[in-house]
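Before I ask anything, here is the structure I am working with.
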Amino acid sequence: MTLPQVDIPHNMINLGIGQPSNDLLPLDEMKNAAAYSLSQNSRFFLAYGAQQGNENFRDTLANFLTDQYTYPVSPDQLLITNGNSQALDFICHHFTKPGDTIFVEEPSYFLALKIFADYHLNVVGIPLDDHGLDADELEKQLENQKPAFIYTIPAFHNPASITMSLKRRKRLIRICTEKNLLLIADEVYHCLSYTKEPPLSMGYWANKCPVISLGSFSKILAPGLRLGWIQADTNLIKKFSRSALLESGGGFNPFASEIVNSFICSGGLNSHISMLKNTYRKRIEVFFSHIDKCFPSQVVSQIPSGGYFIWVKLPDHVDTKLLRQDAQKNSVNFLPGSYFATRNRLTNYLRLSFSFYPSKILIKGAKRLGDVIYTHLVEKS
């Protein structure tokens, strides 16, 4: 399933859309960055580009990440990508074959699950608890299976909004190091903390453990750039760089890389992230207060400390796919929990996003959805 982008039915409030609203996309600032890049009488970023990504951009990105992650990130640890989805596809291409088993969190990002399905992988869900991926269950599963990799979203999880604790991160790193297991850490929300900073990025352990950290400008700048990065051990980055795809076509997206390079160097990205944090923090406060007020008491949710999403649990007997049909008739939409499950589980959960609409629309959405849930619970009781 693909999410609607701008083609939303009239009067529909689609709380399933996990992307920035158009008014949060920095058009004027990007115009200035592009004008500056194109005024320098340099044509290198119109060429194929270095396979790993142009050196000047990797230097700039490494400095930015060093500041954001609070540990040194080297340009040699980075490979530029066309965004997170392309990076996941790239990793599947290099490290899996049809029929391989991989481990993911339960729940997990539903479009990542579609990528894994495209590669005909056997996906095994490992449950989450309040501290992140359940390490006890992981070790139990590893007694009988050796996955091609483990996929985790450690900061401000999509959809569950949980952030993996530092203790759990260290344990997961220890397990993967001892068993030589590849760990894929999807860290696209790491920079979007509103009330609580996440622990160290998993990329901190890149030179000690087979871990690949994924980042993207889609959440912190603009998804249309199709630009992101892989952070990993330098030997692994070299292996990626020798890919036939990169040897044939050159580095991914050198033109957009140079525009973003100018944007970062101007201080624009730090300012933009600060604006996003302030905006989303206010939206969460308003939206969650109205969820608390408009939803029945049987409905359980927790205010997120970062990212885009609120994960909502309804009574066990509620099927949120059926609830969604009623919601759409009342001009409000969301994503059912089963989309994020590996075996049609989580049927009484749903995911809401606060990133796409201003507060006044979120208030209307909470009221509409609350009314639908009340009616649904009464009819099913």
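Going by the structure shown, is G224 modelled with pLDDT of 95 or more and under 30 Å from D23 (Cα atoms)?
yes
Within the stretch 330-338, does at least one residue satisfy the condition of being open to solvent by 10 Å² or more (accessible area, probe 1.4 Å), assigned to a loop (DSSP other than H, G, I, E, B), more than 24 Å from S216 (Cα to Cα) and free of Cβ contacts under 8 Å to residues at least 24 places away in the same chain?
No, the stretch 330-338 has no match at all.
OK, next. Tell me, please, whether a residue that is out of contact with any strand residue (DSSP E or B) (no Cβ under 6 Å at 6 or more places or on another chain) and farther than 22 Å from L276 by Cβ can be found in the stretch 13-34.
no
Oh, and also: When you go through A135, A160 one by one, which is the residue that is small (G, A, S) and closer than 19 Å to V211 by Cα?
Unique residue meeting the criteria: A135.
Inside the stretch 118-137, can you point out the residues that are touching a helix residue (DSSP H, G or I) at 6+ places or on another chain (Cβ under 8 Å), over 17 Å from I173 (Cα atoms), free of Cβ contacts under 8 Å to residues at least 60 places away in the same chain and assigned to a strand (DSSP E or B)?
P127
Would you say Y119 is surrounded by fewer than 21 Cβ atoms within 10 Å (Cβ to Cβ), of a type in the set (F, W, Y) and more than 29 Å from L352 (Cα to Cα)?
When the stated conditions are applied, Y119 does not pass them.
Take the stretch 221-244 and flag every residue that is of a type in the set (A, V, I, L, M) and either surrounded by fewer than 14 Cβ atoms within 10 Å (Cβ to Cβ) or within 18 Å of A34 (Cα to Cα) (or both).
L221, A222, L225, L227, A244
Checking the conditions here, which among G267, G251 is surrounded by 16 or more Cβ atoms within 10 Å (Cβ to Cβ), under 30 Å from M30 (Cβ atoms), among the small types (G, A, S) and more than 20 Å from the chain's Cα centre (by Cα)?
G251
Moving on. Would you check which residues across the stretch 162-173 are touching a residue at least 24 places away in the same chain (Cβ under 8 Å) and surrounded by fewer than 23 Cβ atoms within 10 Å (Cβ to Cβ) and list them?
Residues satisfying the conditions are S165, L166, K167, R168, R171, I173.
Could you give every pair whose Cβ atoms fall below 7 Å, whose first residue belongs to the stretch 263-287 and is closer than 17 Å to L15 by Cβ, and whose second residue is aromatic (F, W, Y) and surrounded by 15 or more Cβ atoms within 10 Å (Cβ to Cβ), counting only separations of at least 6 or pairs across chains?
Filtered contacts from the stretch 263-287: Y280/Y194; Y280/F354; R283/F354; I284/Y194; I284/F354; F287/F354.
Among the residues of the stretch 144-161, write down those that are part of a loop (DSSP other than H, G, I, E, B), within 30 Å of R281 (Cα to Cα), out of contact with any Gly (no Cβ under 6 Å at 6 or more places or on another chain) and open to solvent by less than 10 Å² (accessible area, probe 1.4 Å).
Those that are part of a loop (DSSP other than H, G, I, E, B), within 30 Å of R281 (Cα to Cα), out of contact with any Gly (no Cβ under 6 Å at 6 or more places or on another chain) and open to solvent by less than 10 Å² (accessible area, probe 1.4 Å): I153, P154, A155, H157, N158, P159.
Next question. Can you work out which of the residues in the stretch 274-307 that are β-branched (V, I, T) and open to solvent by 10 Å² or more (accessible area, probe 1.4 Å) is farthest from T195 (Cα to Cα)?
By that ranking, first place goes to V299.
Of the residues R345, R351, which is modelled with pLDDT under 95, touching a Gly at 6+ places or on another chain (Cβ under 8 Å) and not in a helix (DSSP H, G or I)?
Just a single option satisfies the conditions, and that option is R345.
Also, I was wondering about something else. Got a number for residues in the stretch 339-381 being without any contact (Cβ under 8 Å) to a residue 60 or more places away in the chain, among the β-branched types (V, I, T) and under 18 Å from G125 (Cα atoms)?
Residues flagged as without any contact (Cβ under 8 Å) to a residue 60 or more places away in the chain, among the β-branched types (V, I, T) and under 18 Å from G125 (Cα atoms) within the stretch 339-381 amount to 1.
Shifting gears a bit: Being within 30 Å of T177 (Cβ to Cβ), under 16 Å from the mean Cα position of the chain (by Cα) and either charged (D, E, K, R) or open to solvent by 10 Å² or more (accessible area, probe 1.4 Å) (or both): is that true of K208 here?
No; evaluated as a whole, the condition is false for this residue.
Now for a separate question. In the set V318, V312, V378, which member is assigned to a strand (DSSP E or B) and farther than 25 Å from H10 by Cβ?
Answer to the selection: V312.
Select from the stretch 124-140 the residues that are within 20 Å of R343 (Cα to Cα) and either surrounded by fewer than 16 Cβ atoms within 10 Å (Cβ to Cβ) or at pLDDT below 95 (or both) and list them in ascending order.
P127, D129, K140
Has the stretch 230-245 got any residue that is among the polar types (S, T, N, Q) and under 22 Å from the mean Cα position of the chain (by Cα)?
Yes, that holds for at least one residue.
The values are calculated or read from the model by the stated rules, or taken from the named source; none is laboratory data. Quick caveat, the model's predicted, so the values are computed rather than measured. Heads up, the Cβs are rebuilt from the backbone with ideal geometry, glycines too, and the neighbour counts pull from every protein chain shown. Accessible surface is based on the protein model in full, side chains and every heavy atom, while ligands, DNA and RNA are left aside. Shrake-Rupley method; radii C 1.70, N 1.55, O 1.52, S 1.80 Å.
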